[in-house]
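All remarks here apply to the structure that follows.
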Amino acid sequence: MLRIANLPLPVDGDMDLLRKRAARALGVRPGALGELELVRQSIDARNKYNVHYVYTVEVNMPNEAALLKAASGQNISLVERTPYVFPAVKRRSSLPPVVVGMGPAGLFAALLLARHGLPCVVLERGQDVDRRTLDVGDFWATGALDEGSNVQFGEGGAGTFSDGKLTTGTHDRRISAVLDTLVEAGAPADVKYSHKPHIGTDILREVVKAIRRELISLGCDVRFGHRLTGLKVSAGAVAGAEAEGPQGHYLLACDALVLAPGHSARDTFAMLREAGVPMEQKKFAVGVRIEHRQQDISFRQYGGAWEKLPPSDYKLACHLPSGRSAFTFCVCPGGQVVAAASEQGGLVTNGMSRRARDGENINGGLLVGVGPEDFPGQDPLAGVRFQTQWEQAAFRLGGGLFQAPVQRVEDFLQSRPSQGPGAVLPTYRPGVTWTSLVPCLPDYVTGTLAGALPLLDRKLRGFASPDAVLTGVETRSSSPVRILRDDRLQSPLRGLYPCGEGAGYAGGIVSAAVDGMRVAEAVAGG
């Protein structure tokens, strides 16, 4: 197979033109080409007067070696794909594996095991995605939080109510298998080749339902509203999982437990600590959501071509003399800032976009890294207490009922409370309180954000626009703990397989899914 890279295409170009350019690079007629497969699509916006797409394609051709030699210097190479192969199953236990959590890590661990003859019992503390969507919608409309069914807990995990980004900084042979599986379950085909792939929260909800249907068809026992409450241990190994379900408490015999709890399962972390499961503090980041008008950011990124292109995003970072860094995270073009709390009395924000990304605003996390030196104590759960402290402060500052504290950027930089909005209207529901954000974040975080905004504005003009809206607080960028595991992916408590973002081993949908696959391989290997 021949791969042809760096094929430029105008923003209004079509596949026929791309085919002609691929043929020209190979020195053949367009009609001589086989079917083109898109491998990568990106946007080159370095020159605002010549913004264009850039493609990489692959094609099967006769006499590929000769064509490659003749086309020397044309960004053409021979490639050979190696498909993902699940290793041989060696597990001999009569007990089904138990998977705790139905975020990406848990879903993919259960799916890979079930596809290879090891159907699981799957415990999800939250509800199925349809019931969960109703519960979340009611929370956003009224401020009435269901602690068991919300943005953090339920089918699909926290990523279900997000932009559905599939970008990852990792390189792993399993990634293509993750994307193939998502497309088979209903994700758009372009996630396999887009430079910045995303599914969108509306499509992602259907995708996770399709995966659940496959799990059930393969013999998995999927239980919603069932929460892990304890572990039965025998001779240093897991012998059972204690759970609480709609009918009460029960014990589930097991010798392989995939623990994919998500980053907000604070009661689970506490239970594991009491059970003596080794874990440690982990760095994460806290800050706010910053919100702009989408058309302003798209124009800054793409110039006059912005209306012909998908809504633009951004990725910004800077390092300050204080030693702290600020960066943007989980940017949601055409999206909304969402209430993402999972506990009464604590306010948390996140961002979400639909597939079309057709909302008025763009929002992104504007965060500052924090670590053990900032946490109130040395024990493994000190980071949890740090998160809780500032979530409760934000709740109080908003005035209760999960009203979020918000502030215009100009007012934040001038150290004065905001009285109301300017050109950018906040999208957060159930409502906002205009104020100063200083009381709901540590001084070193607000100071870092104040120092970073002008610097980031130099990288993206308009980022520190006076009317841009800051919404507090974002505290759950990643898990505050890491549940220790060895090179066989097991905890020192044998048979316990910590997995995914909540366990401290991933950061996003794809990397969590990949970790779930790796753990499934370990469980199947016996």
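The values are calculated or read from the model by the stated rules, or taken from the named source; none is laboratory data. These figures come from a predicted structure and were not determined experimentally. We place every Cβ from the backbone using ideal geometry, glycine too, and count neighbours over all the protein chains shown. In case anyone asks, the SASA skips ligands and DNA or RNA and just uses the protein heavy atoms, side chains included. Shrake-Rupley method; radii C 1.70, N 1.55, O 1.52, S 1.80 Å.
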* Asked: Where does the range 323-369 land on the Kirkwood hydrodynamic radius, alpha-carbon pairs, in angstrom?
  -> 11.8
* P(r) weight above 23 Å for the range 155-281, C-alpha pairs, percent -> 48
* Taking N as the number of residues in the range 422-484, what is its Cα Rg relative to 2.2 N^0.38 Å? -> 1.36
* Asked: If the chain between ALA88 and VAL11 were fully stretched, how many nm would it gain, using 0.36 nm times the residue separation less the Cα-Cα distance?
  -> 23.0 nm
* In square nanometres, what is one fourth of the surface area of the convex hull spanned by the alpha carbons of the range 214-289? -> 7.8
* To do: Might you work out the accessible area of SER415 for me, using a 1.4 Å probe with all protein chains in place, and round it to the nearest 10 Å²?
  => 100
* Send over the semi-axes of the chain's equivalent ellipsoid, whole angstrom and largest first, taken as the square roots of 5 times the C-alpha gyration tensor eigenvalues. => 37, 34, 19
* From the phi of every residue in the range 231-246, what ³J(HN,Hα) in whole Hz does the Karplus formula 6.51 cos²θ - 1.76 cosθ + 1.60 yield, where θ is phi - 60° and glycine or proline is x? -> 10, 8, 10, 9, 6, x, 9, 5, 10, x, 10, 8, 9, 10, x, x
* Asked: Under a straight-distance cross-link criterion of Cα-Cα below 26 Å, which lysines are reachable from LYS90, leaving out those fewer than 8 residues away in the same chain?
  -> LYS232
* **Cα gyration tensor category, rounded, prolate or oblate, for the range 464-526 with a/c compared to 1.5** => prolate
* Asked: How many nm separate the modelled label positions at LYS232 and VAL79, each set 7 Å beyond the Cα in the direction of the Cβ?
  -> 5.0
* Amide H contacts of ARG40 (H built 1.01 Å from N, under 5 Å, at least 5 apart or other chain) -> THR56
* Structure fact -> For LYS315, the lysines lying under 25 Å Cα to Cα, once residues fewer than eight places off in the same chain are dropped, come out as LYS48, LYS165, LYS192, LYS196, LYS282, LYS283, LYS459
* Structure fact -> Over the Cα atoms of the range 240-357 the radius of gyration and the largest Cα-Cα distance (Dmax), both in Å, equal 21.1, 63
* Asked: What is the set of long-range amide H partners of ASP221 at a cut-off below 5 Å, with H atoms built 1.01 Å from backbone N?
  -> CYS120, VAL121, VAL122
* Report the FRET efficiency, 1/(1 + (r/R0)^6), for ARG3 and VAL183, where r is their Cβ-Cβ distance and R0 is 22 Å, rounded to 0.05. => 0.60
* Structure fact -> Taking a probe of 1.4 Å and leaving out DNA, RNA and ligands, the chain shows per residue an accessible area in Å² of 41
* To do: Could I get the Rg over Rh figure for the range 65-176? Both from C-alpha atoms, Rh via Kirkwood, rounded to two places.
  => 1.19
* Asked: Got a sec? Charge dipole of the chain, +1 on Cβ for Lys and Arg, -1 for Asp and Glu; which of SER194, PRO380, GLN294 is way out at the positive end?
  -> SER194
* **Positive dipole terminus of the range 45-95, leading residue within ALA65, TYR49, ALA88 (C-beta point charges)** => ALA88
* To do: Once every Cα of the range 333-416 carries one equal point scatterer and solvent is ignored, give the base-10 log of I(q)/I(0) from the Debye formula at q = 0.12, 0.15, 0.22, 0.26 Å⁻¹, two decimals.
  => -0.48, -0.73, -1.17, -1.22
* **Scattering curve values for the range 345-392, log₁₀ I(q)/I(0), Debye with Cα scatterers, q = 0.15, 0.23, 0.26, 0.28 Å⁻¹** => -0.58, -0.90, -1.01, -1.09
* **Karplus (6.51, -1.76, 1.60) ³J(HN,Hα), θ = phi - 60°, over the range 473-487, in Hz, Gly and Pro reported as x** => 10, 10, 10, 10, 5, 6, 5, x, 9, 10, 8, 5, 8, 9, 6
* Structure fact -> Any residue on another chain or 5+ positions along whose placed amide H is under 5 Å from the amide H of GLU242 is listed here as THR229, GLY230, LEU231, LYS232, LEU252
* Can you pull a Stokes-Einstein diffusion coefficient for the range 357-481 at 20 °C (1.002 mPa s), Rh from Kirkwood over Cα pairs, as a whole number of µm²/s? => 139
* To do: Just name one of GLN392, SER312, GLY422: the one whose Cα is farthest towards the positive end of the charge dipole of the chain (beta-carbon charges, Lys/Arg +1, Asp/Glu -1).
  => SER312
* Asked: With charges set only on the Cβ (+1 for Lys and Arg, -1 for Asp and Glu), what does the dipole of the chain come to about its Cα centre, in debye to the nearest 20?
  -> 1180
* Asked: Using all Cα-Cα distances in the range 1-140, what percent lands in each 5 angstrom bin from 0 up to the longest?
  -> 2, 8, 13, 12, 9, 7, 8, 10, 13, 10, 7, 3, 0
